[in-house]
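The values are calculated or read from the model by the stated rules, or taken from the named source; none is laboratory data. Since we're looking at a predicted model, the values are computed, not measured. Cβ atoms come from the backbone with ideal geometry, glycine included; neighbour counts cover every protein chain shown. Heavy atoms of the whole protein, side chains included, go into the accessibility calculation; ligands, DNA and RNA do not. Shrake-Rupley method; radii C 1.70, N 1.55, O 1.52, S 1.80 Å.
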Amino acid sequence: MVSCSAVSEVKRVDRIAEAVRELHAVDPSRPVRWVHFGDGPLMPQLREHVGAFPEGIEVDLRGQVPNSEIAAFYESGEVDLFVNLSASEGVPVSIMEAIAYDVPVVATAVGGTPEIVGSALRTGELVEAEASSGTVAATLASVLDAAPGTYAPRERWESEYDAERTGARAAELVSSLASGPRREHERP
């Protein structure tokens, strides 16, 4: 699985670490690999925390890297799941990027995240902002173990976020607004 964010209080990467540990504890025979892109003020504590993880959990804290490296990682096909447990979000670009590469998402239901993540959207699963590490781990496992075709994030991206498709819809909308009837108080 992969995550991509600052390592800060609001991004709660430490909660991802706890869910990763819990996922392994539930089924120690399951190999768990977590790659995190991003850096921040809490990185030293995170490195110390994951350094004490048991065998069977591989953690790769890559730090700050160019976006092209993240895109190449997604293109490699090594990613089964994206996770974001932020306390607050707008509409997260990191999640949209994962969706573009057909990677299902587990994320907190905060800010604009529910607009792009959810089982009904077939992009992944939401958890409550204060979900326990056990609940998050169970959700991670359910997405990882889902039947093929359960999630189709790329289909959602193509229909809702791809600039080639959405650009044409936006142009039609602007055109229809521009050619609509003028009111008396509007200038020609």
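Any chance the stretch 61-73 includes a residue that's over 24 Å from GLY118 (Cβ atoms), open to solvent by less than 70 Å² (accessible area, probe 1.4 Å) and over 20 Å from the mean Cα position of the chain (by Cα)?
no
Scan the stretch 99-112 and report the pairs whose first residue is under 10 Å from ARG156 (Cβ atoms) and whose second residue is open to solvent by less than 10 Å² (accessible area, probe 1.4 Å) and not in a loop (DSSP other than H, G, I, E, B), with Cβ atoms within less than 9 Å and a gap of 6+ or a chain change.
ILE99/PHE82; ILE99/VAL105; ILE99/GLY124; ILE99/PRO153; ALA100/PRO153; ASP102/PRO153
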